[in-house]
Amino acid sequence: MTTLRPATELSNRASSEVPAPRTRRATRNRVLFWFALPGATLLFVFHYIPLLGNVIAFQAYQPFIGILHSPWSGLDNFAFLFTGDQAFLHAVVNTLELTLIQVVFVFPAPIVLALALHSLVGERVKQVIQNILYLPHFLSWVVVVAVFQQMLGNTGLVNVFLRAQELGTWSIIGNPDLFQLVLTSQVMWKDTGWGTILFLAALSRVDHDLYEAAAIDGASRWRQIWHVTLPALRGLVILLLILRLGDALSVGFEQIILQQTGLDRSVTEVLDTYVYNQGLVAGQWGVSAAVGLVKGMVGVILVLGANKLAHLLGEEGVYRR
């Protein structure tokens, strides 16, 4: 005679035999985890382990005695936040100005260019233009700065031509009043074409039936862009803007340090170059670490705040709620 087991016992046994959904997904995707392991290892070694070095922000650190033997200084290295250090204040103001300029002018440039390329009918023409626009991205900042100096410097091609025509000269490179304009122009020339890749990929996923339906309803080309194209890009734009805000206080260390010689520091100094000049040049390692730590904390706050705002607008942002 067969003995009937209680339903609770059968359900417990079944639940113990069937793997949990997360375990099942991990088992199914184990090959992908192995592929991701080298990149995750590099990220951990070169990005997360160095975070432990932020401890020198609270020390009177000296390289020749090391972190373990450097005396603790408490919050003394953060005095620049309260004493009104003029060099630090100039760096903060210049960084915020460059960040605002780049968010207003540099960030939308790839979107506008992607919309223009997407509207081209000939696929071959589009590919040729894309390849040309991508090229500057692969040049180092040393090459980009050298190109601009050869074109717009006091002895550059533009001023040589103007002298030959007896039209005077333009003081562009080396002019502190135009320093931010030159930096913005360099960034746009170098990275605008490369930045169109994500937006072109998003545009390629837009259903063409939506454009046809809008055209049947009498929508002009501009109305189609406003009601069909831009809503398709909204999620991507918000995501990239949030990520850009997280890196808002980093406005191009290598680009600026290459052009800082001979110019007033009050005009050219940003937070990244301030850290370099205070740490490696002046030997104030603790102060430079403190500035970098504050900058990182501000970036985290901006990302979390912008992501919360994205949730309020109905977007996922960087992570879901």
Out of the residues in segment 107-152 that are hydroxyl-bearing (Ser, Thr, Tyr) and over 27 Å from residue 242 (Cβ atoms), state the one that is modelled with the lowest pLDDT. 119
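Let's see how each residue does on (1) touching a Gly at 6+ places or on another chain (Cβ under 7 Å); (2) over 30 Å from residue 298 (Cβ atoms):
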residue: 58; (1), (2): yes, no
residue: 66; (1), (2): no, no
residue: 76; (1), (2): no, no
residue: 123; (1), (2): no, yes
residue: 128; (1), (2): no, yes
residue: 144; (1), (2): no, no
residue: 165; (1), (2): no, yes
Residues in segment 233-263 that are within 15 Å of the chain's Cα centre (by Cα) and either among the β-branched types (Val, Ile, Thr) or on the phi > 0 side of the Ramachandran plot (or both): how many? 5
Would you check if residue 219 is more than 30 Å from residue 56 (Cβ to Cβ), free of Cβ contacts under 8 Å to residues at least 12 places away in the same chain and open to solvent by less than 50 Å² (accessible area, probe 1.4 Å)? yes
Only one of (1) touching a residue at least 12 places away in the same chain (Cβ under 8 Å); (2) closer than 19 Å to residue 278 by Cα; (3) in a helix (DSSP H, G or I); (4) of a type outside the set (S, T, N, Q) is not met by residue 93, so which one is it? (1)
Kindly establish whether residue 193 is out of contact with any Leu (no Cβ under 9 Å at 6 or more places or on another chain) and not hydrophobic (A, V, I, L, M, F, W, C). no
Can you find, within segment 34-74, the residue that is most open to solvent (accessible area, probe 1.4 Å) among those that are in contact (Cβ under 8 Å) with a residue 40 or more places away in the chain and of a type in the set (Gly, Ala, Ser)? 60
Considering every residue within segment 194-206, establish whether at least one is at negative phi, loosely packed, with under 14 Cβ neighbours inside 10 Å and assigned to a loop (DSSP other than H, G, I, E, B). yes
Considering (1) under 30 Å from residue 278 (Cα atoms); (2) open to solvent by less than 50 Å² (accessible area, probe 1.4 Å); (3) over 18 Å from the mean Cα position of the chain (by Cα), say which one residue 214 fails and leave the rest. (1)
Screening 93, 103 for residues that are at pLDDT 85 or above, surrounded by 12 or more Cβ atoms within 10 Å (Cβ to Cβ), farther than 28 Å from residue 194 by Cβ and under 23 Å from the mean Cα position of the chain (by Cα) leaves only 93
Where a residue in segment 128-144 is in a helix (DSSP H, G or I) and its partner, wherever it lies, is open to solvent by 80 Å² or more (accessible area, probe 1.4 Å), with Cβ under 7 Å and at least six apart: 134/194; 136/189; 137/194; 141/254
Have a look at 266, 288 and point out the one that is open to solvent by 30 Å² or more (accessible area, probe 1.4 Å), of a type in the set (Ser, Thr, Tyr), closer than 28 Å to residue 177 by Cα and over 14 Å from the mean Cα position of the chain (by Cα). 266
Just for segment 145-177: of the residues that are among the β-branched types (Val, Ile, Thr) and in a helix (DSSP H, G or I), which one is farthest from the chain's Cα centre (by Cα)? 160
Residue 109 is checked against (1) open to solvent by less than 70 Å² (accessible area, probe 1.4 Å); (2) without any contact (Cβ under 8 Å) to a residue 24 or more places away in the chain and fails just one. What number does that condition carry? (2)
Residue ID - surrounded by the most Cβ atoms within 10 Å (Cβ to Cβ), chosen from residues in segment 222-241 that are touching a Leu at 6+ places or on another chain (Cβ under 8 Å) and within 13 Å of residue 111 (Cβ to Cβ): 229
If you scan segment 59-90, which residues turn out to be aromatic (Phe, Trp, Tyr), more than 23 Å from the chain's Cα centre (by Cα) and assigned to a helix (DSSP H, G or I)? 78, 80, 82
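Can you name every residue in segment 222-247 that is of a type outside the set (Lys, Arg) and either free of Cβ contacts under 8 Å to residues at least 24 places away in the same chain or within 21 Å of residue 86 (Cα to Cα) (or both)?
Passing the criteria: 222, 224, 226, 227, 228, 230, 231.
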In segment 153-168, what residues are at pLDDT 80 or above and either among the charged types (D, E, K, R) or closer than 17 Å to residue 182 by Cα (or both)? 153, 154, 155, 156, 157, 158, 159, 163
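The values are calculated or read from the model by the stated rules, or taken from the named source; none is laboratory data. A quick note: this is a predicted structure, and the numbers were derived from the prediction, not measured. Positions of Cβ are generated from backbone atoms using ideal geometry, with glycine treated the same way; all protein chains shown enter the neighbour counts. Calculation scope for accessible area: heavy atoms of the full protein, side chains included, ligands and nucleic acids excluded. Shrake-Rupley method; radii C 1.70, N 1.55, O 1.52, S 1.80 Å.
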